[in-house]
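The structure appears below as structure tokens.
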Amino acid sequence: MLNDIQEVLITQEQLQTKVQQLGRQISADYAGKDLLMVCILKGAVIFFADLVRHISIPVTMDFMAVSSYGDATQSSGAVMILKDLERNIAGKHVLIVEDIVDTGLTLKYLVENLAARHPLSIKICTLLDKPERRKAEVKVDYNGFTIPDAFVVGYGLDYGEAYRHLPYVCVLKPEIYN
Ligand code: 5GP
């Protein structure tokens, strides 16, 4: 598996430092508010699990799964809810926690879908942002790292369901993707 890696883009240490900063920032911004953090499965699961442990205010969590790339590296643009939230979000401040914003199509759909459920607010926290490939406008409120247009894996992100467990964000060798 280590032989599949071409380059580590973000190290374990860089991830931990950033997640801690984000957690502090979010805790300060939502102090005194009823915060619901929504993890978008499966890609955001590692980021989410690390991030919530740096939240120092009361918070609740819920989970949503949406379709994304399947096994390919190109977005179809079609979004499907595979698992919906379990609780009503009306009257809550919702923070969507996502792994990566690429075209923005997934988050645009999610924000519109959740906004129709009358939360008090909706904001987006993403670990990674690939602004070069944006097709839909989305307002990213918290961003860990802006990265170039490369298909990355690790720290929750997969290629064909593999590599999610890697503790860093990396690019695979071209022959793996072909
Ligand atoms: P978007 O709708 O913004 O194009 O894509 C969102 C989803 O596509 C992400 O949540 C993620 O699942 C997947 N995705 C986008 N770029 C990458 C990438 O570089 N690596 C991986 N593993 N998934 C990606």
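For the range 1-42, a/c is not less than 1.5, where a ≥ b ≥ c are the root eigenvalues of the C-alpha gyration tensor, and a/b does not top b/c. That puts it in the oblate class. Checking the Cα-Cα distances for 130/173; 139/173; 108/173; 83/123 against a 23 Å cut-off, the pairs over it are 139/173; 108/173.
Carbon-plus-sulfur accessible fraction, the chain (probe radius 1.4 Å, protein heavy atoms only): 51%.
When the convex hull of its Cα atoms is viewed from all sides, the range 33-149 shows a mean projected area of 7.0 nm². Among beta bridges from DSSP that stay inside the chain, the antiparallel ones total about 30%.
Our coupling estimate for the range 90-106, obtained by passing each phi through the Karplus curve with A = 6.51, B = -1.76, C = 1.60 and θ = phi - 60°, is 4, x, 10, 8, 9, 10, 7, 10, 10, 6, 8, 9, 10, 6, x, 5, 5 Hz, Gly and Pro reported as x.
Take each peptide in 157-170, 7-20, 37-50, count the other Cβ atoms within 10 Å of every residue, and average; sorted highest first, the result is 37-50, 157-170, 7-20.
The values are calculated or read from the model by the stated rules, or taken from the named source; none is laboratory data. Quantities reported herein were computed from a predicted structural model and do not represent experimental measurements. No Cβ is skipped: glycine too gets one built from the backbone with ideal geometry, and neighbour counts run over all protein chains shown. With ligands, DNA and RNA removed, areas are computed over all heavy atoms of the protein, side chains included. Shrake-Rupley method; radii C 1.70, N 1.55, O 1.52, S 1.80 Å.
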